[in-house]
Amino acid sequence: MQQSKLISLFRQFSDDELNRFDKFLASPYFNQSDKLLKFFRLIAQDKPLFNSPSLEKQKLHKTLHGTKKYSDTTMRELISDLFKQAKVFLAHEGLTNDGPEASAVRFKWLLNHNLIKLAETELENREELLHKLTDHNRGYYLHSRILDSDRFEVVSRKFEGSEYKLINTFDFYKHIHSLNRDYLVNNLHNYIYLLAMARIYKFKSDESLLLPLEQLLQPYLNQGDVVIDMFYNIMQLVRTGEEKYFFELKARFFATDKTVPMSVITEASTGLSNYTALKIRAGEQRYKDECIEIYKFEVEKGYHLVNGRIDHIAYQNIAMMAAETQNFDWADYFLETYKNNLPEEAREDSYKYSKAYLLFGQKKFEEALRFSLSQNSPSFLSKVSSRLLIAGSQYELCMFDELNRELDMLAYHLKDENMTKERKQSYVVFSEIMRLLGELKANYNRNKLQLLKSEIYDKKELLSREWFHKKIAELEEMHQ
(Lines give C-alpha, C1' and ligand atoms only; values in the text may rest on other atoms or scores of the structure.)
Protein backbone atom coordinates (compact mmCIF):
# COMPACT_ATOMS: atom_id res chain seq x y z
CA MET A 1 0.00 0.00 0.00
CA GLN A 2 3.02 2.27 0.48
CA GLN A 3 3.17 2.74 -3.32
CA SER A 4 -0.52 3.58 -3.75
CA LYS A 5 -1.86 6.90 -5.08
CA LEU A 6 -3.47 7.51 -1.70
CA ILE A 7 -0.19 7.26 0.23
CA SER A 8 1.62 9.36 -2.42
CA LEU A 9 -1.01 12.05 -1.84
CA PHE A 10 -0.74 11.93 1.95
CA ARG A 11 3.06 12.25 1.77
CA GLN A 12 2.53 15.71 0.26
CA PHE A 13 0.16 16.83 3.02
CA SER A 14 1.58 19.03 5.77
CA ASP A 15 0.83 18.19 9.41
CA ASP A 16 -1.72 20.99 9.42
CA GLU A 17 -3.41 19.63 6.27
CA LEU A 18 -3.57 16.14 7.78
CA ASN A 19 -5.20 17.59 10.91
CA ARG A 20 -7.74 19.52 8.82
CA PHE A 21 -8.50 16.42 6.76
CA ASP A 22 -9.17 14.56 10.01
CA LYS A 23 -11.72 17.23 10.99
CA PHE A 24 -13.15 17.08 7.47
CA LEU A 25 -13.78 13.33 7.78
CA ALA A 26 -15.15 13.72 11.30
CA SER A 27 -17.84 16.08 10.01
CA PRO A 28 -21.09 14.24 9.21
CA TYR A 29 -21.75 16.83 6.49
CA PHE A 30 -18.80 15.47 4.46
CA ASN A 31 -18.50 11.88 5.71
CA GLN A 32 -20.89 9.51 7.47
CA SER A 33 -18.60 6.48 7.64
CA ASP A 34 -16.95 5.95 11.03
CA LYS A 35 -14.88 3.16 9.52
CA LEU A 36 -13.38 5.54 6.92
CA LEU A 37 -12.35 7.97 9.66
CA LYS A 38 -10.82 5.15 11.71
CA PHE A 39 -9.01 3.90 8.57
CA PHE A 40 -7.50 7.34 7.96
CA ARG A 41 -6.38 7.71 11.58
CA LEU A 42 -4.59 4.35 11.39
CA ILE A 43 -2.73 5.53 8.29
CA ALA A 44 -2.00 9.01 9.70
CA GLN A 45 -0.10 7.49 12.64
CA ASP A 46 2.73 6.75 10.21
CA LYS A 47 3.25 10.36 9.04
CA PRO A 48 5.25 11.91 7.47
CA LEU A 49 6.98 9.06 5.57
CA PHE A 50 4.09 6.57 5.46
CA ASN A 51 6.45 3.65 4.84
CA SER A 52 5.92 1.46 7.91
CA PRO A 53 5.07 -2.26 7.58
CA SER A 54 1.95 -1.41 9.61
CA LEU A 55 0.48 0.05 6.40
CA GLU A 56 0.22 -3.38 4.79
CA LYS A 57 -3.40 -4.02 3.82
CA GLN A 58 -3.63 -7.26 5.78
CA LYS A 59 -2.49 -5.58 9.00
CA LEU A 60 -4.86 -2.65 8.53
CA HIS A 61 -7.72 -5.05 7.83
CA LYS A 62 -7.01 -6.98 11.04
CA THR A 63 -7.00 -3.76 13.09
CA LEU A 64 -10.30 -2.66 11.54
CA HIS A 65 -12.12 -6.02 11.42
CA GLY A 66 -10.46 -8.15 14.08
CA THR A 67 -10.55 -11.89 13.35
CA LYS A 68 -12.79 -11.52 10.32
CA LYS A 69 -11.33 -13.16 7.19
CA TYR A 70 -9.21 -10.79 5.08
CA SER A 71 -11.04 -9.29 2.09
CA ASP A 72 -8.98 -7.52 -0.53
CA THR A 73 -12.17 -6.14 -2.10
CA THR A 74 -13.09 -4.45 1.18
CA MET A 75 -9.63 -2.87 1.47
CA ARG A 76 -9.63 -1.67 -2.13
CA GLU A 77 -13.03 -0.04 -1.57
CA LEU A 78 -11.80 1.68 1.60
CA ILE A 79 -8.68 2.96 -0.16
CA SER A 80 -10.75 4.19 -3.12
CA ASP A 81 -13.30 5.93 -0.89
CA LEU A 82 -10.61 7.62 1.19
CA PHE A 83 -8.81 8.78 -1.97
CA LYS A 84 -12.06 10.30 -3.29
CA GLN A 85 -12.64 12.08 0.03
CA ALA A 86 -9.07 13.42 -0.03
CA LYS A 87 -9.70 14.92 -3.49
CA VAL A 88 -12.99 16.46 -2.30
CA PHE A 89 -11.09 17.90 0.68
CA LEU A 90 -8.48 19.49 -1.61
CA ALA A 91 -11.21 20.98 -3.80
CA HIS A 92 -12.95 22.33 -0.70
CA GLU A 93 -9.66 23.81 0.54
CA GLY A 94 -9.22 25.62 -2.76
CA LEU A 95 -12.74 27.02 -2.70
CA THR A 96 -12.56 28.25 0.88
CA ASN A 97 -9.50 30.36 0.05
CA ASP A 98 -10.25 33.88 -1.17
CA GLY A 99 -8.93 33.23 -4.67
CA PRO A 100 -10.33 33.63 -8.21
CA GLU A 101 -11.47 29.97 -8.32
CA ALA A 102 -13.67 30.40 -5.24
CA SER A 103 -14.99 33.70 -6.57
CA ALA A 104 -16.00 32.04 -9.85
CA VAL A 105 -17.99 29.37 -7.97
CA ARG A 106 -19.72 31.95 -5.76
CA PHE A 107 -20.57 34.03 -8.83
CA LYS A 108 -22.22 31.08 -10.60
CA TRP A 109 -24.39 30.34 -7.58
CA LEU A 110 -25.49 33.98 -7.25
CA LEU A 111 -26.22 34.28 -10.96
CA ASN A 112 -28.16 31.01 -11.07
CA HIS A 113 -30.33 32.33 -8.23
CA ASN A 114 -30.83 35.60 -10.12
CA LEU A 115 -29.04 37.70 -7.46
CA ILE A 116 -27.60 40.03 -10.10
CA LYS A 117 -26.44 42.85 -7.79
CA LEU A 118 -24.56 40.43 -5.54
CA ALA A 119 -23.10 38.69 -8.61
CA GLU A 120 -21.82 42.04 -9.91
CA THR A 121 -20.23 42.77 -6.52
CA GLU A 122 -18.51 39.38 -6.69
CA LEU A 123 -17.15 40.27 -10.15
CA GLU A 124 -15.80 43.60 -8.84
CA ASN A 125 -14.08 41.82 -5.94
CA ARG A 126 -12.52 39.28 -8.33
CA GLU A 127 -11.31 42.02 -10.69
CA GLU A 128 -9.65 43.78 -7.74
CA LEU A 129 -8.08 40.49 -6.66
CA LEU A 130 -6.65 39.86 -10.14
CA HIS A 131 -5.39 43.43 -10.32
CA LYS A 132 -3.32 42.84 -7.17
CA LEU A 133 -1.61 39.76 -8.62
CA THR A 134 1.97 40.56 -9.66
CA ASP A 135 2.72 37.25 -11.39
CA HIS A 136 0.96 37.48 -14.75
CA ASN A 137 1.28 33.80 -15.56
CA ARG A 138 -1.06 31.44 -17.44
CA GLY A 139 -3.42 31.29 -14.47
CA TYR A 140 -3.76 35.06 -14.45
CA TYR A 141 -4.78 35.20 -18.10
CA LEU A 142 -7.06 32.18 -17.73
CA HIS A 143 -8.97 33.86 -14.89
CA SER A 144 -9.02 37.14 -16.81
CA ARG A 145 -10.82 35.33 -19.64
CA ILE A 146 -13.23 33.71 -17.18
CA LEU A 147 -13.90 37.15 -15.68
CA ASP A 148 -14.73 38.52 -19.14
CA SER A 149 -17.02 35.57 -19.79
CA ASP A 150 -18.79 36.09 -16.45
CA ARG A 151 -19.26 39.80 -17.21
CA PHE A 152 -20.89 38.81 -20.48
CA GLU A 153 -23.33 36.54 -18.62
CA VAL A 154 -24.33 39.40 -16.31
CA VAL A 155 -24.84 41.74 -19.27
CA SER A 156 -26.93 39.16 -21.11
CA ARG A 157 -29.19 38.87 -18.05
CA LYS A 158 -29.56 42.64 -17.66
CA PHE A 159 -29.93 43.61 -21.31
CA GLU A 160 -31.72 40.75 -23.00
CA GLY A 161 -32.92 41.88 -26.41
CA SER A 162 -30.51 44.83 -26.54
CA GLU A 163 -27.89 43.71 -29.07
CA TYR A 164 -26.15 47.12 -29.17
CA LYS A 165 -25.43 47.16 -25.44
CA LEU A 166 -24.31 43.52 -25.49
CA ILE A 167 -21.71 44.09 -28.19
CA ASN A 168 -20.34 47.29 -26.68
CA THR A 169 -20.25 46.04 -23.10
CA PHE A 170 -18.23 42.88 -23.75
CA ASP A 171 -14.60 43.49 -24.80
CA PHE A 172 -14.23 40.90 -27.56
CA TYR A 173 -10.77 42.15 -28.59
CA LYS A 174 -9.40 41.72 -25.09
CA HIS A 175 -10.86 38.23 -24.92
CA ILE A 176 -9.31 37.21 -28.26
CA HIS A 177 -6.01 38.82 -27.31
CA SER A 178 -5.85 36.75 -24.12
CA LEU A 179 -6.52 33.54 -26.05
CA ASN A 180 -3.91 34.34 -28.71
CA ARG A 181 -1.38 35.51 -26.17
CA ASP A 182 -1.62 32.29 -24.17
CA TYR A 183 -1.15 30.28 -27.37
CA LEU A 184 1.85 32.32 -28.53
CA VAL A 185 3.67 32.33 -25.18
CA ASN A 186 3.36 28.57 -24.79
CA ASN A 187 4.45 27.84 -28.35
CA LEU A 188 7.41 30.21 -28.07
CA HIS A 189 8.46 28.46 -24.88
CA ASN A 190 8.15 25.02 -26.52
CA TYR A 191 10.06 26.11 -29.61
CA ILE A 192 12.91 27.53 -27.50
CA TYR A 193 13.21 24.12 -25.83
CA LEU A 194 13.24 22.30 -29.18
CA LEU A 195 15.89 24.63 -30.59
CA ALA A 196 18.06 24.21 -27.49
CA MET A 197 17.81 20.40 -27.71
CA ALA A 198 18.62 20.50 -31.42
CA ARG A 199 21.75 22.53 -30.69
CA ILE A 200 22.88 20.29 -27.81
CA TYR A 201 22.44 17.10 -29.82
CA LYS A 202 23.63 18.71 -33.08
CA PHE A 203 20.36 18.01 -34.88
CA LYS A 204 19.19 20.26 -37.70
CA SER A 205 15.77 21.65 -36.81
CA ASP A 206 13.00 22.24 -39.35
CA GLU A 207 12.81 26.03 -39.72
CA SER A 208 9.55 25.80 -41.68
CA LEU A 209 7.77 24.88 -38.44
CA LEU A 210 8.41 28.41 -37.21
CA LEU A 211 6.77 30.26 -40.10
CA PRO A 212 3.12 30.07 -38.89
CA LEU A 213 4.21 31.12 -35.40
CA GLU A 214 6.17 34.11 -36.73
CA GLN A 215 3.16 35.26 -38.73
CA LEU A 216 0.90 35.10 -35.68
CA LEU A 217 3.49 36.97 -33.62
CA GLN A 218 3.72 40.06 -35.80
CA PRO A 219 0.74 42.02 -34.33
CA TYR A 220 2.04 41.39 -30.79
CA LEU A 221 5.76 42.18 -31.09
CA ASN A 222 7.03 45.48 -29.65
CA GLN A 223 3.53 46.38 -28.45
CA GLY A 224 4.41 46.48 -24.77
CA ASP A 225 3.90 42.77 -23.99
CA VAL A 226 7.20 42.12 -22.18
CA VAL A 227 6.71 38.36 -21.95
CA ILE A 228 6.13 37.86 -25.69
CA ASP A 229 8.99 40.22 -26.59
CA MET A 230 11.43 38.46 -24.21
CA PHE A 231 10.46 34.98 -25.39
CA TYR A 232 10.81 36.10 -29.00
CA ASN A 233 14.30 37.48 -28.32
CA ILE A 234 15.31 34.25 -26.56
CA MET A 235 14.02 32.15 -29.45
CA GLN A 236 15.83 34.24 -32.07
CA LEU A 237 19.01 34.26 -29.99
CA VAL A 238 19.04 30.46 -29.79
CA ARG A 239 17.96 30.13 -33.40
CA THR A 240 20.31 32.61 -35.10
CA GLY A 241 22.99 33.52 -32.56
CA GLU A 242 22.79 37.11 -33.81
CA GLU A 243 24.23 39.64 -31.37
CA LYS A 244 21.37 42.13 -31.79
CA TYR A 245 18.94 39.71 -30.10
CA PHE A 246 21.29 39.41 -27.15
CA PHE A 247 21.31 43.15 -26.55
CA GLU A 248 17.54 43.48 -27.10
CA LEU A 249 16.94 40.69 -24.59
CA LYS A 250 19.43 42.17 -22.15
CA ALA A 251 17.71 45.59 -22.29
CA ARG A 252 14.31 44.00 -21.63
CA PHE A 253 15.77 41.81 -18.88
CA PHE A 254 17.23 44.86 -17.12
CA ALA A 255 13.82 46.57 -17.34
CA THR A 256 11.94 43.71 -15.64
CA ASP A 257 9.61 44.41 -12.74
CA LYS A 258 7.24 42.44 -10.53
CA THR A 259 4.68 42.00 -13.33
CA VAL A 260 7.03 39.65 -15.22
CA PRO A 261 6.62 36.00 -14.10
CA MET A 262 9.68 34.49 -12.44
CA SER A 263 9.63 31.63 -14.95
CA VAL A 264 10.17 34.16 -17.78
CA ILE A 265 12.95 35.92 -15.86
CA THR A 266 14.69 32.56 -15.34
CA GLU A 267 14.33 31.70 -19.04
CA ALA A 268 15.80 35.07 -20.06
CA SER A 269 18.66 34.74 -17.56
CA THR A 270 19.51 31.28 -18.90
CA GLY A 271 19.42 32.51 -22.49
CA LEU A 272 21.71 35.45 -21.75
CA SER A 273 24.16 33.35 -19.70
CA ASN A 274 24.36 30.59 -22.32
CA TYR A 275 25.05 33.13 -25.06
CA THR A 276 27.84 34.85 -23.12
CA ALA A 277 29.36 31.43 -22.37
CA LEU A 278 29.35 30.54 -26.08
CA LYS A 279 30.97 33.85 -27.00
CA ILE A 280 33.63 33.56 -24.30
CA ARG A 281 34.50 30.01 -25.40
CA ALA A 282 34.80 31.37 -28.95
CA GLY A 283 37.45 33.79 -27.68
CA GLU A 284 35.36 36.99 -27.43
CA GLN A 285 36.61 38.03 -24.00
CA ARG A 286 34.55 41.26 -23.96
CA TYR A 287 31.54 39.08 -23.17
CA LYS A 288 33.00 38.43 -19.72
CA ASP A 289 32.09 42.02 -18.86
CA GLU A 290 28.58 41.44 -20.24
CA CYS A 291 28.28 38.27 -18.19
CA ILE A 292 29.32 39.82 -14.86
CA GLU A 293 27.01 42.79 -15.50
CA ILE A 294 24.10 40.34 -15.86
CA TYR A 295 25.16 38.42 -12.75
CA LYS A 296 25.36 41.62 -10.70
CA PHE A 297 21.88 42.65 -11.82
CA GLU A 298 20.48 39.24 -10.88
CA VAL A 299 22.06 39.44 -7.42
CA GLU A 300 20.78 42.99 -6.93
CA LYS A 301 17.23 41.89 -7.81
CA GLY A 302 17.45 38.62 -5.89
CA TYR A 303 16.87 36.56 -9.05
CA HIS A 304 19.75 34.23 -8.14
CA LEU A 305 17.79 32.88 -5.15
CA VAL A 306 15.03 30.26 -5.32
CA ASN A 307 13.12 29.95 -2.06
CA GLY A 308 16.04 31.61 -0.33
CA ARG A 309 18.58 29.15 -1.78
CA ILE A 310 21.25 29.45 -4.46
CA ASP A 311 22.41 26.54 -6.59
CA HIS A 312 26.06 25.75 -5.82
CA ILE A 313 27.05 25.76 -9.52
CA ALA A 314 25.47 29.20 -9.99
CA TYR A 315 27.29 30.42 -6.86
CA GLN A 316 30.63 29.23 -8.25
CA ASN A 317 30.00 30.61 -11.74
CA ILE A 318 29.14 34.07 -10.40
CA ALA A 319 32.22 34.16 -8.14
CA MET A 320 34.53 32.90 -10.90
CA MET A 321 33.31 35.45 -13.44
CA ALA A 322 33.67 38.24 -10.88
CA ALA A 323 37.26 37.12 -10.28
CA GLU A 324 38.05 36.89 -14.01
CA THR A 325 36.77 40.43 -14.59
CA GLN A 326 38.75 41.63 -11.53
CA ASN A 327 35.65 42.61 -9.57
CA PHE A 328 37.46 41.31 -6.51
CA ASP A 329 35.73 43.35 -3.79
CA TRP A 330 32.29 42.56 -5.18
CA ALA A 331 33.22 38.86 -5.53
CA ASP A 332 34.32 38.75 -1.89
CA TYR A 333 31.08 40.46 -0.82
CA PHE A 334 29.05 37.97 -2.85
CA LEU A 335 30.88 34.92 -1.48
CA GLU A 336 30.48 35.93 2.15
CA THR A 337 26.91 37.24 1.83
CA TYR A 338 25.42 34.19 0.15
CA LYS A 339 27.51 31.37 1.60
CA ASN A 340 24.74 30.38 4.00
CA ASN A 341 22.19 30.32 1.15
CA LEU A 342 23.99 27.34 -0.38
CA PRO A 343 22.62 23.80 0.11
CA GLU A 344 24.19 22.51 3.30
CA GLU A 345 25.72 19.42 1.65
CA ALA A 346 27.63 21.57 -0.89
CA ARG A 347 28.25 24.67 1.22
CA GLU A 348 31.82 24.28 2.45
CA ASP A 349 33.31 22.89 -0.77
CA SER A 350 31.55 25.42 -3.01
CA TYR A 351 32.70 28.25 -0.78
CA LYS A 352 36.30 26.96 -0.58
CA TYR A 353 36.58 26.42 -4.32
CA SER A 354 35.14 29.85 -5.12
CA LYS A 355 37.36 31.49 -2.51
CA ALA A 356 40.39 29.71 -3.94
CA TYR A 357 39.49 30.91 -7.45
CA LEU A 358 39.17 34.47 -6.19
CA LEU A 359 42.50 34.33 -4.35
CA PHE A 360 44.15 32.86 -7.45
CA GLY A 361 42.84 35.78 -9.50
CA GLN A 362 44.30 38.15 -6.89
CA LYS A 363 47.65 36.33 -7.24
CA LYS A 364 47.51 35.16 -3.63
CA PHE A 365 48.68 31.72 -4.70
CA GLU A 366 49.65 30.27 -1.32
CA GLU A 367 46.21 31.07 0.11
CA ALA A 368 44.53 29.78 -3.04
CA LEU A 369 46.45 26.52 -2.73
CA ARG A 370 45.51 26.16 0.94
CA PHE A 371 41.79 26.60 0.20
CA SER A 372 41.95 24.21 -2.78
CA LEU A 373 43.68 21.48 -0.80
CA SER A 374 41.12 21.72 2.02
CA GLN A 375 38.24 20.70 -0.26
CA ASN A 376 36.69 17.28 0.23
CA SER A 377 33.93 17.06 -2.37
CA PRO A 378 32.62 13.58 -3.32
CA SER A 379 31.86 14.84 -6.82
CA PHE A 380 34.48 13.87 -9.38
CA LEU A 381 33.98 17.02 -11.47
CA SER A 382 34.41 19.19 -8.37
CA LYS A 383 37.61 17.31 -7.55
CA VAL A 384 38.90 17.84 -11.10
CA SER A 385 38.11 21.58 -10.95
CA SER A 386 40.04 21.79 -7.67
CA ARG A 387 42.97 19.86 -9.15
CA LEU A 388 43.20 22.29 -12.07
CA LEU A 389 43.31 25.18 -9.59
CA ILE A 390 45.87 23.35 -7.44
CA ALA A 391 48.04 22.76 -10.51
CA GLY A 392 47.83 26.43 -11.49
CA SER A 393 48.84 27.55 -7.98
CA GLN A 394 51.75 25.07 -7.88
CA TYR A 395 52.96 26.36 -11.24
CA GLU A 396 52.87 29.97 -10.03
CA LEU A 397 54.73 29.01 -6.83
CA CYS A 398 57.36 27.04 -8.83
CA MET A 399 56.41 23.83 -6.99
CA PHE A 400 57.31 21.69 -10.01
CA ASP A 401 57.63 18.28 -8.31
CA GLU A 402 54.26 18.76 -6.61
CA LEU A 403 52.80 19.97 -9.92
CA ASN A 404 53.87 16.79 -11.73
CA ARG A 405 52.49 14.60 -8.95
CA GLU A 406 49.18 16.46 -9.13
CA LEU A 407 49.01 15.98 -12.91
CA ASP A 408 49.87 12.27 -12.51
CA MET A 409 47.01 11.93 -10.02
CA LEU A 410 44.63 13.69 -12.42
CA ALA A 411 45.64 11.38 -15.29
CA TYR A 412 45.15 8.33 -13.05
CA HIS A 413 41.62 9.33 -12.07
CA LEU A 414 40.67 10.23 -15.65
CA LYS A 415 41.38 6.68 -16.89
CA ASP A 416 38.36 5.07 -15.24
CA GLU A 417 36.00 8.01 -14.87
CA ASN A 418 32.79 7.78 -16.92
CA MET A 419 32.33 11.08 -18.80
CA THR A 420 31.93 12.31 -22.36
CA LYS A 421 34.87 11.82 -24.67
CA GLU A 422 35.07 15.58 -25.32
CA ARG A 423 35.17 16.50 -21.60
CA LYS A 424 37.80 13.88 -20.81
CA GLN A 425 39.93 15.03 -23.74
CA SER A 426 39.82 18.64 -22.53
CA TYR A 427 41.22 17.58 -19.14
CA VAL A 428 43.88 15.41 -20.77
CA VAL A 429 45.01 18.27 -23.02
CA PHE A 430 45.11 20.68 -20.07
CA SER A 431 47.26 18.24 -18.13
CA GLU A 432 49.69 17.75 -21.04
CA ILE A 433 50.07 21.48 -21.74
CA MET A 434 50.44 22.32 -18.02
CA ARG A 435 53.21 19.72 -17.66
CA LEU A 436 55.12 21.13 -20.62
CA LEU A 437 54.64 24.69 -19.35
CA GLY A 438 56.00 23.69 -15.94
CA GLU A 439 59.05 22.10 -17.54
CA LEU A 440 59.69 25.25 -19.56
CA LYS A 441 59.43 27.47 -16.50
CA ALA A 442 61.89 25.22 -14.64
CA ASN A 443 64.29 24.87 -17.62
CA TYR A 444 63.67 27.48 -20.27
CA ASN A 445 64.21 26.58 -23.93
CA ARG A 446 63.25 29.04 -26.67
CA ASN A 447 62.60 26.40 -29.35
CA LYS A 448 60.41 24.32 -27.05
CA LEU A 449 58.52 27.46 -26.11
CA GLN A 450 57.70 28.16 -29.77
CA LEU A 451 56.51 24.58 -30.22
CA LEU A 452 54.31 24.91 -27.13
CA LYS A 453 52.83 28.18 -28.45
CA SER A 454 51.83 26.41 -31.65
CA GLU A 455 50.36 23.51 -29.71
CA ILE A 456 48.28 25.84 -27.53
CA TYR A 457 46.98 27.52 -30.66
CA ASP A 458 46.10 24.18 -32.32
CA LYS A 459 44.41 22.54 -29.31
CA LYS A 460 40.88 23.92 -29.64
CA GLU A 461 39.62 21.86 -26.68
CA LEU A 462 42.18 23.37 -24.27
CA LEU A 463 40.73 24.71 -21.03
CA SER A 464 41.93 28.12 -19.68
CA ARG A 465 43.44 29.02 -23.06
CA GLU A 466 43.75 32.74 -22.19
CA TRP A 467 45.66 31.91 -19.01
CA PHE A 468 48.13 29.75 -20.97
CA HIS A 469 48.67 32.59 -23.48
CA LYS A 470 49.52 34.93 -20.58
CA LYS A 471 51.96 32.46 -19.07
CA ILE A 472 53.74 32.01 -22.42
CA ALA A 473 54.00 35.80 -22.80
CA GLU A 474 55.42 36.09 -19.27
CA LEU A 475 58.11 33.47 -20.02
CA GLU A 476 59.03 35.22 -23.27
CA GLU A 477 59.33 38.58 -21.51
CA MET A 478 61.34 37.05 -18.67
CA HIS A 479 63.94 35.59 -21.07
CA GLN A 480 64.30 38.41 -23.58
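The values are calculated or read from the model by the stated rules, or taken from the named source; none is laboratory data. Because the structure is predicted, anything quoted here is derived from the model rather than measured. When we count neighbours, we look across all protein chains shown, and the Cβ atoms used for this are built from the backbone with ideal geometry, even at glycine.
The conditions are (1) in contact with a Leu (Cβ under 9 Å, 6 or more places away or on another chain); (2) assigned to a loop (DSSP other than H, G, I, E, B), and residue 235 fails exactly one of them. Which is it?
(2)
Check the range 283-296 and report whether any residue there is in a loop (DSSP other than H, G, I, E, B), touching a residue at least 40 places away in the same chain (Cβ under 8 Å) and over 22 Å from residue 200 (Cα atoms).
Yes, the conditions are met somewhere in the range 283-296.
Quickly run through the range 37-49 and pick out the residues that are buried (at least 16 other Cβ atoms within 10 Å of the Cβ) and not in a loop (DSSP other than H, G, I, E, B).
Answer for the range 37-49, where residues must be buried (at least 16 other Cβ atoms within 10 Å of the Cβ) and not in a loop (DSSP other than H, G, I, E, B): 37, 39, 40, 43, 44.
Please verify whether residue 441 is without any contact (Cβ under 8 Å) to a residue 60 or more places away in the chain and under 39 Å from the mean Cα position of the chain (by Cα), treating the condition exactly as stated.
no
Pairs please, first residue from the range 457-480 and without any contact (Cβ under 8 Å) to a residue 60 or more places away in the chain, second anywhere and assigned to a helix (DSSP H, G or I) and of a type in the set (S, T, N, Q), Cβ atoms under 8 Å, 6+ apart in sequence or on different chains.
The qualifying pairs are 461/425; 461/426; 462/426.
State whether the residues of the range 309-316 include one that is under 26 Å from residue 368 (Cβ atoms), in a helix (DSSP H, G or I), in contact with a helix residue (DSSP H, G or I) (Cβ under 7 Å, 6 or more places away or on another chain) and among the small types (Gly, Ala, Ser).
Within the range 309-316, not a single residue is under 26 Å from residue 368 (Cβ atoms), in a helix (DSSP H, G or I), in contact with a helix residue (DSSP H, G or I) (Cβ under 7 Å, 6 or more places away or on another chain) and among the small types (Gly, Ala, Ser).
For the structure I just gave you, tell me whether residue 98 is farther than 22 Å from residue 181 by Cα, modelled with pLDDT under 80 and either of a type outside the set (Val, Ile, Thr) or in a helix (DSSP H, G or I) (or both).
So residue 98 fits the description; yes.
In the range 119-137, what count of residues is obtained for those that are among the hydroxyl-bearing types (Ser, Thr, Tyr) and either part of a helix (DSSP H, G or I) or at pLDDT 85 or above (or both)?
1
Which of the residues spanning the range 256-304 are of a type in the set (Ser, Thr, Tyr), touching a helix residue (DSSP H, G or I) at 6+ places or on another chain (Cβ under 9 Å) and under 19 Å from residue 185 (Cβ atoms)?
Selection gives 256, 259, 263, 269, 270.
Identify all residues within the range 176-215 that are of a type in the set (A, V, I, L, M, F, W, C), within 30 Å of residue 142 (Cβ to Cβ), exposed (fewer than 15 other Cβ atoms within 10 Å of the Cβ) and modelled with pLDDT of 75 or more; write none if there are none.
Correct list: 197, 211.
For the range 98-153, what are the residues that are surrounded by 13 or more Cβ atoms within 10 Å (Cβ to Cβ) and hydroxyl-bearing (Ser, Thr, Tyr)?
Listed by number, the residues that qualify are 103, 121, 140, 141, 144.
Please go through the range 353-395 and pick out each residue that is without any contact (Cβ under 8 Å) to a residue 24 or more places away in the chain and in contact with a Ser or Thr (Cβ under 6 Å, 6 or more places away or on another chain).
Residues satisfying the conditions are 372, 390.
Could you figure out which of (1) within 35 Å of the chain's Cα centre (by Cα); (2) assigned to a loop (DSSP other than H, G, I, E, B) isn't true of residue 6?
(2)
Test each condition in (1) buried (at least 19 other Cβ atoms within 10 Å of the Cβ); (2) farther than 20 Å from residue 315 by Cα; (3) not assigned by TED's automatic domain parsing to the domain that holds residue 441 for residue 363 and report the one that comes out false.
(1)
Can you pull out every residue in the range 263-280 that is under 17 Å from residue 228 (Cβ atoms) and either crowded, with 23+ Cβ neighbours inside 10 Å or among the β-branched types (Val, Ile, Thr) (or both)?
264, 265, 266, 268, 271, listed by residue number.
For residue 28, only one of the following conditions fails: (1) surrounded by 12 or more Cβ atoms within 10 Å (Cβ to Cβ); (2) not in a helix (DSSP H, G or I). What is its number?
Residue 28 satisfies every listed condition except (1).
Confirm whether residue 436 is surrounded by 13 or more Cβ atoms within 10 Å (Cβ to Cβ) and in contact with an Asp or Glu (Cβ under 9 Å, 6 or more places away or on another chain). Walk me through how you get there before you give the answer.
Numbers: surrounded by 13 or more Cβ atoms within 10 Å (Cβ to Cβ): yes; in contact with an Asp or Glu (Cβ under 9 Å, 6 or more places away or on another chain): yes.
Judged against the criteria, residue 436 is a match.
Yes/no matrix, rows are residues, columns are (1) assigned to a helix (DSSP H, G or I); (2) in the same structural domain as residue 17 (by TED's automatic domain parsing); (3) hydrophobic (A, V, I, L, M, F, W, C):
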| position | (1), (2), (3) |
| --- | --- |
| 69 | no, yes, no |
| 85 | yes, yes, no |
| 90 | yes, yes, yes |
| 106 | yes, no, no |
| 114 | no, no, no |
| 117 | yes, no, no |
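Looking at 33, 71, 52, which is the one that is surrounded by 12 or more Cβ atoms within 10 Å (Cβ to Cβ), closer than 15 Å to residue 4 by Cβ and of a type in the set (Gly, Ala, Ser)?
Working: 33 fails: closer than 15 Å to residue 4 by Cβ; 71 fails: closer than 15 Å to residue 4 by Cβ.
Every option except 52 fails the conditions.
So, residue 448, is that one surrounded by 14 or more Cβ atoms within 10 Å (Cβ to Cβ) and of a type in the set (D, E, K, R) or not?
No: the conditions fail for residue 448.
Assuming residue 260 fulfils every condition listed in (1) surrounded by fewer than 19 Cβ atoms within 10 Å (Cβ to Cβ); (2) touching a residue at least 60 places away in the same chain (Cβ under 8 Å) apart from one, which condition is it?
(1)
Return yes or no: is residue 309 surrounded by fewer than 17 Cβ atoms within 10 Å (Cβ to Cβ) and either closer than 26 Å to residue 243 by Cα or touching a Leu at 6+ places or on another chain (Cβ under 6 Å) (or both)?
Details: surrounded by fewer than 17 Cβ atoms within 10 Å (Cβ to Cβ): yes; either closer than 26 Å to residue 243 by Cα or touching a Leu at 6+ places or on another chain (Cβ under 6 Å) (or both): no.
Answer is no for this residue.
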